[in-house]
Amino acid sequence: MTAAVFFGCTFIAFGPAIALFLFTIAREPLRVIFLIAGAFFWLVSLLLASLVWFISVQISNKDSASQQKGLLIFGVVLSVLLQETFRFAYYKLLKKANEGLLALSQEETMPISIRQLAYVSGLGFGFMSGAFSVVNILADSVGPGTVGIHGDSQHYFLSSAFMTMAIILLHMFWGVVFFDACEKQRWWALAAVVTSHLVVSCLTFQNPEYVASLVPTYIILFLMGVWAFYTAGGSLRNLKLCLTCKDKDFLLANHRPR
Amino acid sequence: MANNAEDVENNMVSIKQDQQESNTAPEPIQQQQEATGTRVRSRGGSGPGGGDSEDGGGGSGSSPEQNGQPPTSRPSRGVENEEDEDEEMTLKYGAKHVIMLFVPVTLCMVVVVATIKSVSFYTQNVGQGMIYTPFPEKTDTVAERAVNSILNATIMITVIIVMTFVLVLLYKYRCYKVIHGWLFLSSLLLLFFFSYIYLTEVFKTYNVAMDYFTLAIIIWNFGVVGMMCIHWKGPLRLQQAYLIMISALMALVFIKYLPEWTAWLILVVISVYDLLAVLCPIGPLRILVETAQERNEPIFPALIYSSTMVWLVNMADTDRPKRSSEEAGSPQQETQEAAVASPVPSSPSQDNGGFTSSWVRQQQHQLGPLQSTEETRREIQQMPSARPPVEDDEEERGVKLGLGDFIFYSMLVGKASVTAGGDWNTTLACFVAILIGLCLTLLLLAIFKKALPALPISIFFGLVFYFATGNLVRPFMDKLALHQFYI
């Protein structure tokens, strides 16, 4: 495998996320901290899920392949549920912290809004999830080898990279929608987020039939993106103003003449 | 033992938080705490040299009295807006400082991990480790190995404790020249010898042909500029870069020469010792800090990474400790640098991302601990806003972290990237855990406003995540990647 594969897959997987990080988060120290805290929460959820899976494997029949696969599927579902639980826990923690700060400062505004926190925490979850999914694969792609020599799919790296990109962006969208749903007590939206996460994970069970898994994932990605856009306050009008550089508030805030 | 120089370094990390007067909450306790600023630093001892232990005094944040420091101008209490702004500013200011420490810690870890992954020299087995870890770990039974590693760790921590106390004694009896010389020699060794080894190994790895003349010129320039930046004056970024490089070199040395179980045990033991030494009333670090406070001297930081330039202390010249560590047999060496900051009698600098255009740094002391032990202490203190000889009580915002902390963090992450079978997930997990630990420590610093050890929380998180990720998450993720399942 060549350097082209390595760099290509790395940029496919992490390009949008790194761009988002550099342009919107890197300059604000508070956001960076909450991003890393979000990544930490995802990590803890993964740890718990792995622990349960590990224990279940130890007490199971190690020779039966179907049982192992079943346990793996169980592990995936459990991990998804735990991730969403920890997302909720992170939301609660952030709310408490924000309320505490608000009470202390007697101020009207908080240094970071709950929407920004939703975005940042979603991206933190996404970064960690994507990194854990794909970094080992990328490291292997630098070394020697032939992809699919035993009859497996030859598009392993590429599909992994695309799937990772989808997952990272999905986590970000899920974060935005999730926090908003918690804020407005819309539990159906919460359930929809959890369900879509489960659907995306279960779609990957069809790998290596990438058409069956990647295409629906990207459709869900697009839909979630639109939902998150509207949740965050976007609209077609905003979009038009932004794209034609006529958004006065934004220009003022960035001191650009128009 | 004459040939074996053993340096015990106590790295005392002090995190100082300077608060701008105008932004500090007008609480008396804060003001008082501002006055104390002592840093604790780590020191290294050298065997043949009689083991000077250097000890940067760390200021104890808990002592309310400030040495002759007039309270800086306090904003009037009655203005509500100021309080609100203060609160928000405090939060943002605190976040900025956290990031100012995240970046160098991340850089150091990246350098160490990159080196470990590419240069195989640092992961090759050594026949005989350091003099401080005489019990081999290549034993037949697990129990024997455990016992050996416990003995190794005990030896190391004993050396560290002894060195720390020697340092405290030296400081108490004002043997500054000894410390000064030791520090100087140890940084010399680190900047020249260890970087020479590093460079040659990198050249070997990438098959770069280089003649000795060019190499000599490169090493000479690197070393001399490093000595100047660290011990004298230099641009802040360059000094920071050198400190990061030195910490990375030291961490690599540790990774190479400490056997595996010993390394983990040492991390645990040093964290516990850090905790005790900084917080207990009889802890040597605390004694050091208090002594320095009584004498109203700046505690010479062994090796302190400073995010902003610091203030000048006029009287610091006479009691600047320098240490040089000598290394006899083992190539390990730790150098610690102590930075002495003196308040700049100039206009107040506004803290903007740690960039202050008007700082002058006078000297930094470098302490080089030998391979045997290294102690890192971390104290979080607030800088004294004024020293008696200095009229200006301008405080600059900045955060300081001892180099020993850098070294141990990087050592943990480096070991994680080696021993987990080359698994990147473990490395990433340890990295995030250490950063979160650092964040929590700084949060505690902001809450308690006294010297705190930087090691315990981060190392605890790092170790938990290392073992958990390596043993639980890795098989799970491997299986998932095999089937290309995504969670």
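Some observations on this one:
- Taking 0.36 nm per residue of sequence separation and removing the Cα-Cα distance, the A:A103/A:S153 pair yields an extension gain of 12.3 nm.
- Inter-chain Cβ neighbour average for residues B:470-476, partner chain, 10 Å: 6
- Inter-label distance, nm, simple model (7 Å from Cα along the C-beta direction), A:A3/B:I217: 2.7
- 23 Å Cα-Cα reach of A:K96 towards lysines, excluding residues that sit fewer than 8 places from it in its own chain: A:K184, B:K92, B:K96, B:K449
- A dipole drawn for the range A:1-254 from +1 and -1 charges on Cβ atoms has a positive end, and of A:F162, A:C202, A:M172 the residue lying farthest that way is A:M172.
- Max-minus-min Cα coordinates of the range A:1-254 on each principal axis give 62, 43, 30 Å, with the largest extent listed first.
- Of all the options A:I55, A:I219, A:I73, the one that moves most in a Gaussian network model of chain A with Cα springs shorter than 10 angstrom is A:I55.
- Neighbour-count order for A:I114, B:I487, fewest beta carbons within 10 angstrom listed first: A:I114, B:I487
- Extension gain, B:L440 to B:V464, is 7.1 nm, computed as 0.36 nm per intervening residue step minus the present C-alpha separation.
- Helix-only arithmetic for chain A: the sum of -39500 (n - 2.57) across DSSP H runs with n ≥ 4, divided by the residue total, places the mean residue ellipticity at 222 nm at -27000 deg cm²/dmol.
- Separation in nanometres of the label points that stand 7 Å from Cα toward Cβ, at B:I447 and B:C280: 2.4
- Entries in A:K69/A:K92; B:K233/B:K400; B:K204/B:K233 that, when Cα-Cα distance is taken, lie over 24 Å: A:K69/A:K92; B:K204/B:K233
- Candidate lysines - alpha carbon under 21 Å from B:K172, same-chain residues fewer than 8 apart omitted: B:K322
- Axis angle, to the nearest 10 degrees, between helix A:114-142 and the longest C-alpha principal axis of chain A: 30 degrees.
- In summary, the lysines within cross-link reach of A:K240, defined as a Cα separation below 21 angstrom excluding same-chain residues under 8 places away, comprise A:K248.
- Taking Cα centre as origin and charging only the Cβ of basic (Lys, Arg, +1) and acidic (Asp, Glu, -1) residues, the dipole magnitude of chain A rounds to 660 debye.
- B:K172 versus A:Y230: modelled label distance in nm, points set 7 Å from Cα along the beta carbon direction: 7.4
Values in this text are rule-based calculations from the coordinates and carry no lab data. Bear in mind the structure is a predicted one, so any value in this text is a computation, not a measurement. Glycine also receives a Cβ, built like all others from the backbone with ideal geometry; neighbour counts cover every protein chain displayed.
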